[in-house]
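The values are calculated or read from the model by the stated rules, or taken from the named source; none is laboratory data. Given the structure is predicted, the values throughout are model-derived calculations rather than measurements. Backbone-built Cβ (ideal geometry, glycine too); neighbour counts: all protein chains shown.
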């Protein structure tokens, strides 16, 4: 298979991922950034307090408690936790497939952290979601799982031939 098809599929994946993560709807996004309009109205401290979580595993613990207490549907919990992981599994597969430098875990990890922090900051600035460290943890888990699966496939492919 040529590199062209995986590159096209990766581009489509990135487009769909952008729409999902940033909830892109150009008609409803007030430019330049709704974040700055709210800061002028409510103050930076209040906006950051309401729209950020920088405590690792805080949101994840809330979902676990909601599951234990039955205060949130299992579907909502599964959609958030598993969804955040599964969304980035393809990234862990496509990056090493398309870029040789991403075939080692450390460069992939560094790039994924940059991408995920960028996504979270964008969600905050566009007011399309929260800046949540737990999303970064779950998304990074998904990308590393994809990378692990890619390495398994790569090893089997090279061991038994193309």
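For residue 28, state whether it is out of contact with any helix residue (DSSP H, G or I) (no Cβ under 7 Å at 6 or more places or on another chain), over 18 Å from residue 126 (Cβ atoms), at pLDDT below 85 and not in a helix (DSSP H, G or I).
Against the criterion (out of contact with any helix residue (DSSP H, G or I) (no Cβ under 7 Å at 6 or more places or on another chain), over 18 Å from residue 126 (Cβ atoms), at pLDDT below 85 and not in a helix (DSSP H, G or I)), residue 28 does not qualify.
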| said: I'm trying to understand the selection: among the residues of region 115-162, which are part of a helix (DSSP H, G or I) and touching a strand residue (DSSP E or B) at 6+ places or on another chain (Cβ under 8 Å)? | reply: 120, 121, 123, 124, 133, 134
| field | Residue that is surrounded by the fewest Cβ atoms within 10 Å (Cβ to Cβ) [pool: residues in region 97-125 that are touching a residue at least 60 places away in the same chain (Cβ under 8 Å) and farther than 22 Å from residue 79 by Cα] | value | 98
| message | residue 133 - would you say it is surrounded by fewer than 16 Cβ atoms within 10 Å (Cβ to Cβ), under 18 Å from the mean Cα position of the chain (by Cα) and within 21 Å of residue 18 (Cα to Cα)? | response | no
| field | Those residues of region 77-96 which are within 26 Å of residue 61 (Cβ to Cβ), part of a helix (DSSP H, G or I) and in contact (Cβ under 8 Å) with a residue 12 or more places away in the chain, in sequence order | value | 77, 80, 81, 84, 85, 86, 89, 91, 92
